[in-house]
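Engineer: Let me give you the structure first, and then I'll get to my questions.
The values are calculated or read from the model by the stated rules, or taken from the named source; none is laboratory data. Here the structure is a predicted model, which means the values were calculated and not measured. No Cβ is skipped: glycine too gets one built from the backbone with ideal geometry, and neighbour counts run over all protein chains shown. Ligands, DNA and RNA are stripped out before the accessible areas are found, and what is left, the full protein with its side chains, is counted by its heavy atoms. Shrake-Rupley method; radii C 1.70, N 1.55, O 1.52, S 1.80 Å.
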Amino acid sequence: SRDVPICEVTIFFHDRLIRACRSSKVNAGEMHAFDSPNLAPLATVGISIKENEHLILPQARGALRVHTKMDTRLLALRLVPGFDDTILRYMIKAGAESGSLRALVLQLYGTGNAPMVKDDLIECLREARELGILVIASTQC
């Protein structure tokens, strides 16, 4: 139904077309295995195709540029209630000493809440910053 192709990586599963970089697998046994909880589907398919045209990205205006010099020295951690920040401290210290850790990405609880009563965690993150490690907080959603 579109005159112009959708020029991005997408996932079509069951009846929905969703943006791949905003999706995650949410179920291993159902037809709605993939979801994009923070972005509506680009299109839904039933008897007809319903597009959310305002969400579809415009075509690129230039040639594809592949960035090959990316720093991959990062650690991404999804925090769960009751995690042991001692392990985090050891990983930060080892990464800083070996030069293998440049950034720490923390996926915080739900909408981005960090544990407020863990003073050791705050001190650990302060030490990471002092060691030159970039600390990034994000949400799990």
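Engineer: Can you pull out every residue in the range 89-109 that is open to solvent by 30 Å² or more (accessible area, probe 1.4 Å) and either touching a helix residue (DSSP H, G or I) at 6+ places or on another chain (Cβ under 9 Å) or part of a loop (DSSP other than H, G, I, E, B) (or both)?
Structural biologist: Scanning the range 89-109 gives Arg89, Lys93, Ala96, Gly99, Ser100, Arg102.
Engineer: If a residue has to be among the hydroxyl-bearing types (Ser, Thr, Tyr) and surrounded by fewer than 14 Cβ atoms within 10 Å (Cβ to Cβ) to count, how many in the range 29-40 make the cut?
Structural biologist: 0
Condition check ((1) part of a helix (DSSP H, G or I); (2) out of contact with any strand residue (DSSP E or B) (no Cβ under 9 Å at 6 or more places or on another chain); (3) surrounded by 14 or more Cβ atoms within 10 Å (Cβ to Cβ)) across all residues:
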{"position": "Thr72", "(1), (2), (3)": "no, yes, no"}
{"position": "Ala76", "(1), (2), (3)": "no, no, no"}
{"position": "Val80", "(1), (2), (3)": "no, no, no"}
{"position": "Ile87", "(1), (2), (3)": "yes, yes, no"}
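Engineer: Just to verify a result, which residue in the range 33-75, among those that are touching an Asp or Glu at 6+ places or on another chain (Cβ under 7 Å) and small (Gly, Ala, Ser), is farthest from Ile18 (Cα to Cα)?
Structural biologist: Ranking the qualifying residues of the range 33-75, first place goes to Gly46.
Engineer: Of all residues in the range 1-48 being more than 19 Å from the chain's Cα centre (by Cα), modelled with pLDDT under 90 and of a type in the set (A, V, I, L, M), which is farthest from Thr139 (Cα to Cα)?
Structural biologist: Restricting to residues being more than 19 Å from the chain's Cα centre (by Cα), modelled with pLDDT under 90 and of a type in the set (A, V, I, L, M), the top hit is Val4.
Engineer: Then there is this: Any residue in the range 88-111 that is on the phi < 0 side of the Ramachandran plot sitting within a Cβ distance under 6 Å of a residue that is of a type in the set (Gly, Ala, Ser)? List the pairs, counting only those 6 or more apart or interchain.
Structural biologist: Listed pairs, sorted by first residue: Ile92/Ala128; Leu101/Gly95; Leu104/Ala128; Val105/Ala76; Leu106/Ala137; Gln107/Ser138; Leu108/Ala114; Leu108/Ala137.
Engineer: May I pose another question? Collect the residues in the range 11-22 that are open to solvent by less than 50 Å² (accessible area, probe 1.4 Å) and either farther than 10 Å from Pro41 by Cα or not basic (Lys, Arg) (or both), keeping them in residue-number order.
Structural biologist: First, pick out the residues of the range 11-22 that are open to solvent by less than 50 Å² (accessible area, probe 1.4 Å): 11, 15-20.
Within the range 11-22, Ile11, Asp15, Leu17, Ile18, Ala20 meet the criteria.
Engineer: Hey, another quick one. Name, by its number, the condition in (1) open to solvent by 100 Å² or more (accessible area, probe 1.4 Å); (2) touching a strand residue (DSSP E or B) at 6+ places or on another chain (Cβ under 9 Å); (3) without any contact (Cβ under 8 Å) to a residue 24 or more places away in the chain that does not hold for Val26.
Structural biologist: (1)
Engineer: Could you list, in sequence order, the residues of the range 13-45 that are within 14 Å of Ile56 (Cα to Cα) and of a type in the set (A, V, I, L, M, F, W, C)?
Structural biologist: Hits for the range 13-45 are Leu17, Ile18, Ala20, Cys21, Leu39, Ala40, Leu42, Ala43.
Engineer: Going through the range 41-60 one residue at a time, which ones are open to solvent by less than 50 Å² (accessible area, probe 1.4 Å) and small (Gly, Ala, Ser)?
Structural biologist: Ala43
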